[in-house]
Amino acid sequence: MKTIETNLREYGHYINGEFIGSSSNKKIERKNPATGELVATFSLGSKEDTHHAISVAKNEFENGSWPKMSGEERGRILSRLSRLILENAERLAVIESEEVGKPITDARGEIELGARVVEYVASLAQQIHGQSYNNIGRNRTGLVVKEPVGVVGLITPWNYPALVFCHKVPFALAAGCTTVVKPSEFTSGTTLEIAMLAEEAGIPKGVLNIVTGTGEEVGQAIVDSPDVDQISFTGSTSTGEKIQSGSAKHSRKVTLELGGKSSMIVFDDANLEEVLDAAMLGFMVNQGEECCANSRLLLHEDIADKFLENLVEKVKGVKIGNPNNENTQMGALIHEEHLEKVLSYIKSGIQEGARLLTGGKRLTGTEHKNGLFVEPTIFDQVTRNMKIFQEEIFGPVLSVIRFKAANEAIAIANNTKYGLANSIWTSDVNKALNVSHALRSGTVWVNTVFDLAPQLPMGGYKASGFGREMGTMAIDEFMEVKSININTGKWTPHY
Ligand code: NAD
């Protein structure tokens with residue numbers, strides 16, 4: 001077992017380059033969900049704290065150096081931030097693992113990917129450019145320029161706090177925006193740690209501000225503020241809808257990365273050895289607390305029985321326990337209420353007539369007695385209208401349906417209000433492409449799953465949200481476009 005950081009971490013808000021306490025003096029306590037130990041305290045933010053951070057960001061946007069800096073300078077600073085994240089990767093991974101309850105090996109992968117995304121954004125910062133036109137009329141020159149949108153409020157969830165930060169904040173910064181970030185009240189540590197690294201990298205005070213606290217208080221204050229020009233949100237669809245309606249009164253730009261209910265479609269010509277591992281990862285990664293979880297497994301009927309037999313055997317051997325142990329494959333759920341919600345979905349699957357193949361219970365043995373552990377659970381004979389097939393469970397629960405033909409699999413996979421990230425497994429490239437085009441989701445993986453590349457945009461169709469993160473278009477999300485139409489001759493009316 002690795003030596004884990006045992007010192008209690010006490011954080012304030014990070015505003016204008018300083019760590020400060022909450023105006024209420026109240027704190028949030030975070031316990032490691034795998035052990036019950038207190039690992040961190042965060043300031044319980046108030047409306048006043050949030051307004052203070054927003055006014056700092058606004059002042060910095062209007063009067064500070066960051067929005068006016070060259071893309072090259074901003075890129076150099078972001079590149080330094082990427083390097084600092086890598087240099088501090090182990091500490092960040094331990095904090096992420098302790099607060100979220102995810103295996104330390106997964107947390108390391110998350111931090112390393114976050115650093116890669118920041119490095120990618122650093123290279124994009126230098127390439128932001130507009131267009132020019134000299135064919136729009138006599139003595140006319142047209143310029144299309146891009147400008148930072150202003151003050152951006154970024155609200156993030158608890159499941160991948162560091163990675164979601166890296167999916168959003170560096171893009172907003174590269175665009176020249178100033179920011180107020182509200183991490184989840186359960187897992188704010190790595191966000192605050194990265195803020196310290198951002199300062200060391202050279203991001204000026206007041207450009208990146210972090211206010212910790214609840215969604216009802218701090219999140220709502222960001223939504224209600226007329227001084228926030230854009231909100232970028234990742235979280236549940238129900239909170240996303242509130243943020244969207246709250247933003248309507250300000251006619252403000254909003255981007256939403258929301259929930260999912262994605263399928264893994266396995267054809268009879270797939271490499272089934274590989275799919276076994278992929279299917280396990282598909283529903284168990286991050287304890288199933290994963291927006292892109294492939295929590296629906298659609299199996300071609302000819303391979304289904306044998307495949308499920310092998311899958312159940314493999315899943316029974318999974319090491320579930322203390323996330324700090326190098327061999328642990330699945331950690332603890334985020335909090336008690338969420339664990340109860342996952343168990344109630346399992347109960348509903350049984351009540352609705354699905355066949356429980358493995359799992360279904362909370363783990364309570366010696367190794368698990370202080371933590372929030374649930375067995376990986378597989379249901380066969382699921383039907384399309386069951387709750388476990390339609391709703392996002394956000395826990396390690398897999399629902400299996402069998403199919404005969406590709407069209408049937410497509411219809412089942414698209415039978416959801418969500419549209420985030422399906423995967424297809426086949427050795428037939430034509431089938432892979434045809435099915436990819438037919439699936440209504442922002443990502444389709446072919447013969448792979450949870451394969452993120454900073455160059456490839458991520459986002460949702462339907463109730464999974466709108467706007468894109470990653471890829472070149474992610475910077476445009478944080479930019480306004482201005483047309484400048486210049487007359488260099490005698491003015492005459494011109495339409
Ligand atoms: P959540 O919606 O409960 O909370 C997300 C954030 O919003 C938190 O910081 C929370 O404090 C804040 N919040 C809550 N109420 C608010 C309000 N009224 N106004 C403003 N902010 C408010 O989500 P969660 O439980 O933290 O995360 C799990 C959800 O996130 C899942 O649905 C998952 O699918 C989704 N998610 C999506 C992606 C993606 O890329 N699409 C990535 C990760 C997680």
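Things to note:
- DSSP bridge analysis restricted to the chain gives an antiparallel fraction near 40%, rounded to the nearest 5.
- The stretch 305-369 and the stretch 20-88: distance between their alpha carbon centers, rounded to Å: 35
- Dimensions in Å of the stretch 232-274 - Rg and Dmax from alpha carbons: 17.8, 53
- Carbon plus sulfur fraction of accessible area for the stretch 263-446, probe 1.4 Å, in percent: 47
- Taking label points 7 Å from Cα along the Cα-to-Cβ direction, N63 and E408 give a separation of 6.9 nm.
- One chain, two ends: E29 and E112. Fully extended at 0.36 nm per residue, the span grows by 27.2 nm beyond their Cα-Cα distance.
- Looking at the stretch 263-446 alone, DSSP beta bridges between its own residues are antiparallel in about 15 percent of cases.
- Per residue, the convex hull volume that the Cα atoms of the chain enclose (Å³): 159
- Over the stretch 263-446, relative contact order from alpha-carbon pairs under 8 Å, at least 6 apart, %: 28
- Pairs from the table (K314/K387; K249/K387; K261/K314; K168/K242; K205/K261) lying more than 31 angstrom apart at Cα are K249/K387; K205/K261.
- Pairs of alpha carbons in the stretch 238-359 whose separation is greater than 24 Å (percent): 42
- Mean projection of the Cα convex hull over all viewing directions, computed for the stretch 263-446: 10.0 nm².
- Burial order of peptide ranges 320-331, 28-39, 205-216 (average beta-carbon count within 10 Å, highest first): 205-216, 320-331, 28-39
- Placing R0 at 35 angstrom, the Cβ-Cβ distance between N327 and R362 gives a FRET efficiency of 0.95 after rounding to 0.05.
- Residue separation of S483 and K347 scaled by 0.36 nm, minus their Cα-Cα distance, works out to 43.2 nm of gained length.
- Residues H129, H13, H250 ordered from highest to lowest accessible area at a 1.4 Å probe: H129, H250, H13.
- The value for the stretch 157-242 of Rg(Cα) / (2.2 N^0.38 Å) is 1.04.
- Anchor K31: lysines whose Cα lies under 26 Å away (excluding residues fewer than 8 positions away in-chain): K2, K47, K102, K182, K319, K341, K361, K369
- Rounded to the nearest 500, the helix-only mean residue ellipticity at 222 nm of the chain stands at -11500 deg cm²/dmol, with each DSSP H run of n ≥ 4 adding -39,500 (n - 2.57).
- Test item: Cα-centred dipole of the chain, Lys/Arg +1 and Asp/Glu -1 on Cβ, debye: 1340
- Eligible lysines near K482 by straight Cα distance, threshold 22 Å, same-chain separation 8 or greater: K58, K68, K146, K253
- Cα extents of the stretch 39-116 along the three principal axes, largest first (Å): 43, 36, 13
- Structural descriptor for the stretch 389-495: relative contact order 20 percent, calculated from alpha carbon pairs under 8 angstrom and at least 6 residues apart.
- Potential lengthening between K490 and S236 on full extension [0.36 nm per residue; Cα-Cα distance subtracted]: 85.8 nm
- Å² per residue, accessible surface of the stretch 263-446 at 1.4 Å: 41
- Coil-residue chymotrypsin sites (Phe, Trp or Tyr not before Pro) of the stretch 122-188, DSSP, other Cβ within 10 Å capped at 16: none
- q = 0.25, 0.30, 0.32 Å⁻¹: log10 I(q)/I(0) that the Debye formula gives for the stretch 17-58, counting C-alpha atoms only: -0.84, -1.00, -1.06
The values are calculated or read from the model by the stated rules, or taken from the named source; none is laboratory data. It should be emphasised that the depicted structure is a prediction, and the values quoted were computed from it without experimental measurement. Cβ sites come from the backbone with ideal geometry, for glycine too, and all protein chains shown count toward neighbours. SASA here: full protein model, heavy atoms, side chains in, ligands and nucleic acids out. Shrake-Rupley method; radii C 1.70, N 1.55, O 1.52, S 1.80 Å.
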